[in-house]
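Here the structure comes first, spelled out in structure tokens, and everything after it is commentary.
Here, each number is a calculation from the coordinates, and none is a lab measurement. Source: prediction; values computed, not measured. Cβ: placed from backbone, ideal geometry, glycine included. Neighbour counts: every protein chain shown.
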Amino acid sequence: KGYVVKPLTKEELGRSTWTLLHTIAAQFPEKPTRQQKKDAKELMAILSRLYPCKDCADNFKEILKTYPVQAESHAQFSQWLCDAHNIVNRSLGKPQFPCQRVGARWGKLECLDGGCDLEGNMDF
Ligand code: FAD
């Protein structure tokens, strides 16, 4: 059986990407290592270049310039991402999400035996 390619819409791609990003933030450690802080910043910078919707990538690049990534702790990174998502929401005329409730909307991945935990990562 062959596959029929059904093009992904900008909206579907956006929802999937926000799901990934908010889940990464939900699991971001309370005390990130230097490497983890750097990775969070680099991930956003890379998205602003490689995100497969050019207009979105360009807009996100501008957001990063005016509102640089904050990833010194779990709380800081999840709030920063919620605020950044709200900036995108505003530009699209979508409602603002109440960021004090971001922890209720986005949680850690359901995973057995702490197999998804990042806390134990080594700092290289
Ligand atoms: P989404 O915005 O996809 O949100 C998904 C879910 O996240 C929501 O249903 C809600 O439960 C929750 N949520 C909403 N706001 C927040 C928040 N602030 N914090 C935490 N959770 C929240 N589209 C464009 O047309 N132009 C662009 O320039 C553009 N730039 C984008 C840049 C990036 C980096 C990304 C990831 C996406 C971008 N998109 C852009 C896509 C756009 O943001 C939406 O994903 C898309 O329009 C679908 O919107 P949605 O209403 O389904 O909810």
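The figures follow:
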item: Subset of the stretch 57-79 (residues that are free of Cβ contacts under 8 Å to residues at least 24 places away in the same chain and among the β-branched types (Val, Ile, Thr)); result: 66
item: Odd one out for residue 93, checked against (1) surrounded by 15 or more Cβ atoms within 10 Å (Cβ to Cβ); (2) at positive phi; result: (1)
item: Test result for residue 41, among the charged types (D, E, K, R) and closer than 26 Å to residue 117 by Cα; result: yes
item: Matching residues in the stretch 56-83 - criterion: being touching a helix residue (DSSP H, G or I) at 6+ places or on another chain (Cβ under 6 Å) and either aliphatic (A, V, I, L, M) or surrounded by fewer than 12 Cβ atoms within 10 Å (Cβ to Cβ) (or both); result: 57, 63, 64, 69, 71, 81
item: Residue match in the stretch 93-116 (condition: among the polar types (S, T, N, Q) and either part of a helix (DSSP H, G or I) or without any contact (Cβ under 8 Å) to a residue 24 or more places away in the chain (or both)); result: yes
item: Residues being under 23 Å from residue 10 (Cα atoms) and among the basic types (Lys, Arg) - total across the stretch 80-108; result: 3
item: Tally, over the stretch 73-90, of residues that are farther than 13 Å from residue 22 by Cα and near the ligand (Cβ under 7 Å from one of its atoms); result: 2
